[in-house]
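Report on the structure given below.
The values are calculated or read from the model by the stated rules, or taken from the named source; none is laboratory data. Treat the numbers as computed from the prediction; the structure is a model and nothing was measured. Ideal geometry is used to build each Cβ from the backbone, glycine not excepted, and the neighbour counts take in all protein chains shown.
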């Protein structure tokens, strides 16, 4: 039993350090991310758009499975944790060999290495020093760094480019870990909620999607909100003018629309909804005195408006949807589809009051015998609210750092090729002294062969100009010999 328990960690290590496991987990993360891309996500998508896109039953199951908030679900965070563990274990297992290759490159050749190298050429030379000097000049002219390898029996040159590209895979691994760490931090410590504000209202409390409320370290004030419609009357865009309030002062303002949030201290305020509260904000009426010029005023509930030095008018009652029974007015519903307004005109000198009813759907004007004023309905303004989705994503900086690091790692991996050149003065099987030139690249080998041939031509030119090639070889110039070619 003890042996089997001790073997469990080893089995876990063996499983997650297997490259195949890491690939499978990455595929699962990719599929989950694709679901989060193609399925509309909260809170970036307004609720009405979600309701239009999916049926109530479908939306219910999408919410229940977490598919409308994929990147904060427990199963997605578990996947990120597992794939991060796999990346770490795979990197730890393979890094020592990669580091040895990077820190101690193979600079000196031997006969077995030279015979197995795919790209190689032999050029006849008269003496070792002149041949190596000519090769060194050619390398420097073409931008290759040169390192002399001291060896009494077989002196040689070594040159390479972009050795650090062999470590690019670990840059990509590190970038993935940063991205996944940011996602996990967002899922664990991040939160999202909802805030509804009316014009002029200030609040620092949000209702969390997980339940309960949360107090923010600052307040948000709504300076205005509105809706723009298409020609058919359907909503085109919602907007809100928001201000961040700290210590009683506005420190930041912005007009937000859907997908263009206000961001402050890591908190994002998205425009999510817009609507009316059902409360009357103002009643516009035209007032015509018995003798005088008509004027337009705006009435608010229970706020007297002076008409003349002795007369005031007050909006005393508002019924959004009225009906009449037994010569009395009652409310049918809270929907403002058939409103009624009761005005109270008062003579401040005598204390006399006149009560007038205004029914815009039947007669826009109201006038009574007890007053010399005529009131005519113009418009009604309903109180509106703006719905804000609030989200906190503290891991976003890690995500963006990972994205930038991944871009750098992929650039190094795909565009910087590790190329190596070996040059040695050796004796061929016929006993002639030759300059052996070999090269190797870890990828993009066709392009490397072009550069290798250009380098060989430059070395040949240097040999000829320095007369390092024997006269017999100059009269009968040998062809370049690459692996598999004659």
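Values as computed for the structure displayed
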read-out	value
One residue from 354, 361 being assigned to a loop (DSSP other than H, G, I, E, B), modelled with pLDDT of 85 or more and in contact with a strand residue (DSSP E or B) (Cβ under 9 Å, 6 or more places away or on another chain)	361
Selection status of residue 162, at positive phi and either surrounded by 15 or more Cβ atoms within 10 Å (Cβ to Cβ) or touching a strand residue (DSSP E or B) at 6+ places or on another chain (Cβ under 7 Å) (or both)	yes
Exclusive hit being in contact with a strand residue (DSSP E or B) (Cβ under 7 Å, 6 or more places away or on another chain), in contact (Cβ under 8 Å) with a residue 24 or more places away in the chain and in a helix (DSSP H, G or I), set 171, 139	139
Of residues in the stretch 54-105 being out of contact with any helix residue (DSSP H, G or I) (no Cβ under 7 Å at 6 or more places or on another chain), in contact (Cβ under 8 Å) with a residue 24 or more places away in the chain and outside any helix (DSSP H, G or I), the one farthest from residue 20 (Cα to Cα)	69
All positions within the stretch 394-415 that are outside any helix (DSSP H, G or I) and either surrounded by fewer than 20 Cβ atoms within 10 Å (Cβ to Cβ) or in contact with a strand residue (DSSP E or B) (Cβ under 7 Å, 6 or more places away or on another chain) (or both)	394
Candidate set from the stretch 219-234 (those that are on the phi < 0 side of the Ramachandran plot and exposed (fewer than 13 other Cβ atoms within 10 Å of the Cβ)); member that is modelled with the lowest pLDDT	234
Output for the stretch 106-126, where each listed residue is in a strand (DSSP E or B) and more than 21 Å from residue 166 (Cβ to Cβ)	120, 121, 122, 123, 124
The stretch 416-434, residues that are assigned to a strand (DSSP E or B) and free of Cβ contacts under 8 Å to residues at least 12 places away in the same chain	427
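This table checks each residue for (1) exposed (fewer than 15 other Cβ atoms within 10 Å of the Cβ); (2) modelled with pLDDT under 85; (3) not assigned by TED's automatic domain parsing to the domain that holds residue 270.
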{"residue": "29", "(1), (2), (3)": "no, no, yes"}
{"residue": "40", "(1), (2), (3)": "no, no, yes"}
{"residue": "71", "(1), (2), (3)": "no, yes, yes"}
{"residue": "75", "(1), (2), (3)": "yes, no, yes"}
